[in-house]
Amino acid sequence: TMANSIPSITMYKRDFGTCGIANSRWTFPRIRQPKVAGSSNDERIVGGVTAQPGQWPWVVSLTYDGDAKCGASLLTERYLLTAAHCFRDRPDASRWAANLGSLDFLRPNEPGEQHIRLARVRIHPNHGLRSRDDFDVAVLELSSPVAYSDKIRPICVSELPPRSGERCTVAGWGLTFFTAPYNLLNQVTVPVIRGSRCNSSDYPDLAGRITDSMFCAGYPQGGRDACD
């Protein structure tokens, strides 16, 4: 099962106390957890700005046969968290690789960057049972451990769900509608919205689609968001 495939959150806190943003010069606050984003084909950061090297040291670019496809977050030195839908049509772990410490996915071998092949993909067992997007989460095992640095550190995992109105940052790569270079890591901050409101007529495109495995974030007027 998914629960048996990775260490517990308690272990993260005990063994990886240096999670989160390492460099205190950034003006952004410590963020609970960015939404996983980053497909060069399918996902986008809209209305955001380009990140600086090392600003989001847990954000990982995933490539399939050398092409950037999805993003992930570094959980521990051996495990990543990502979206299950990335693997619907591409389930072969041996064809995937994780690129850590990268800012520009078009610039190979950036200083401090690490490239590690995947060893195993574990998709949540409930993914897609109620809807195509439900439990859209997967855990990836790396073929070898990463070496932590100023550019590569694990994300802090919260045991609490995000609160309505709380501001979260989405970070990733992909199409930006010309607000920032698509090949560079971009970021945008958005507020969390109550699931009941997302399921209401206020958001007709989402009404009835939000389950208890999801949370909503964004602005009613649009303009700043991640979308896929």
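The values are calculated or read from the model by the stated rules, or taken from the named source; none is laboratory data. It should be emphasised that the depicted structure is a prediction, and the values quoted were computed from it without experimental measurement. Here Cβ is always computed from backbone atoms with ideal geometry, including for glycine, and neighbour counts include all displayed protein chains.
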For Asp212, work out the one condition from (1) surrounded by 12 or more Cβ atoms within 10 Å (Cβ to Cβ); (2) modelled with pLDDT under 85; (3) over 26 Å from Phe105 (Cα atoms) it doesn't fulfil. (1)
Failed item in (1) farther than 18 Å from Val137 by Cβ; (2) modelled with pLDDT of 75 or more; (3) surrounded by fewer than 19 Cβ atoms within 10 Å (Cβ to Cβ); (4) not small (Gly, Ala, Ser), with Arg88 passing the rest: (1)
If I ask for residues that are of a type outside the set (Phe, Trp, Tyr) and crowded, with 20+ Cβ neighbours inside 10 Å, which ones from the stretch 100-112 would you list? Leu100, Gly101, Ser102, Leu103
Please work out which residue is surrounded by the fewest Cβ atoms within 10 Å (Cβ to Cβ), limiting yourself to the stretch 172-197 and to residues that are modelled with pLDDT under 85 and touching a Leu at 6+ places or on another chain (Cβ under 8 Å). Asn183
Which residues, taken from the stretch 134-171, are in contact with a strand residue (DSSP E or B) (Cβ under 7 Å, 6 or more places away or on another chain) and of a type in the set (Ser, Thr, Tyr)? Ser143, Ser144, Ser164, Thr169
